[in-house]
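Below you'll find the structure, written out as structure tokens, and then a few comments.
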Amino acid sequence: MSISDFVIQQHTTNTGIHWDLMLRLGEVLLTWQVDKEPDHWSAEPLPCRRIFDHRLKYLTYEGDISGDRGRVQIYASGQYQCYNDLIAGHSLPDSLSVTLLGRQYSGELTLTRQKDDLWLLQFNMQ
């Protein structure tokens with residue numbers, strides 16, 4: 001079991017708003033794009049999409065993103081405890097279970113791969 005950092009960023013673009021859930025693994029942030037605000041994450045499966053790994057600077061970065069890709073602001077942050085054996089540079093398991101340990105959000109979060117980059121997110125807030 002390992003403990004590392006997480007951040008949830010609100011990402012505003014010219015086409016709308018989504019939230020990026022980022023889990024630090026080594027020198028990258030594993031990232032999932034979620035269309036629903038974290039206040040509405042629940043035990044009911046919610047579709048999300050695994051996108052590219054982000055640089056560590058996004059743990060604390062807020063502001064405009066180059067290339068006219070919108071603006072991000074930190075919505076929540078803290079640490080997470082992982083129950084899977086994750087190794088940087090290796091493929092992710094089809095199911096990932098973590099406990100978020102943050103000021104704004106704490107609870108059990110599960111990400112389950114459906115197909116390719118399509119995942120389901122479930123969150124039981126404590």
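Coordinate-derived values only; no laboratory data. Here the structure is a predicted model, which means the values were calculated and not measured. No Cβ is skipped: glycine too gets one built from the backbone with ideal geometry, and neighbour counts run over all protein chains shown.
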For this session: For region 12-18, just list the computed ³J(HN,Hα) in residue order, Karplus coefficients 6.51, -1.76 and 1.60, θ = phi - 60°, integers in Hz, with x standing in for Gly and Pro.
Result: 9, 10, 6, 9, x, 10, 9
Seminar exercise, completed: For S2, the net charge from surrounding residues (Cβ-Cβ under 12 Å; K, R +1; D, E -1) works out to -1
Exercise. Can you run phi through the Karplus equation (6.51, -1.76, 1.60; θ = phi - 60°) for region 102-107 and list ³J(HN,Hα) in whole Hz, with x for Gly and Pro?
Worked result: x, 5, 7, 9, 9, x
Seminar exercise, completed: Counting Lys and Arg as +1 and Asp and Glu as -1 over every other residue whose Cβ sits under 11 Å from the Cβ of Y58, the net charge comes to -1
Exercise. Percent relative contact order of region 2-125, based on C-alpha pairs within less than 8 angstrom and at least six residues apart?
Worked result: 26
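Just how large is the dipole of the chain about the Cα centre, in debye to the nearest 20, putting +1 at every Lys and Arg Cβ and -1 at every Asp and Glu Cβ?
Using Cβ point charges on Lys, Arg, Asp and Glu, the chain gives about 100 debye.
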For this session: Among Y58, Q79, F123, flag the residue with its Cα farthest along the positive direction of the charge dipole of the chain, charges on Cβ as +1 for Lys/Arg and -1 for Asp/Glu.
Result: Y58
Seminar exercise, completed: For N84, other-chain or 5+-apart residues with amide H closer than 5 Å (H placed, Pro excluded) are S97
For this session: For the chain, list log₁₀ I(q)/I(0) at each q in 0.16 Å⁻¹, using the Debye formula over Cα point scatterers of equal strength and ignoring solvent, two decimals each.
Result: -0.74
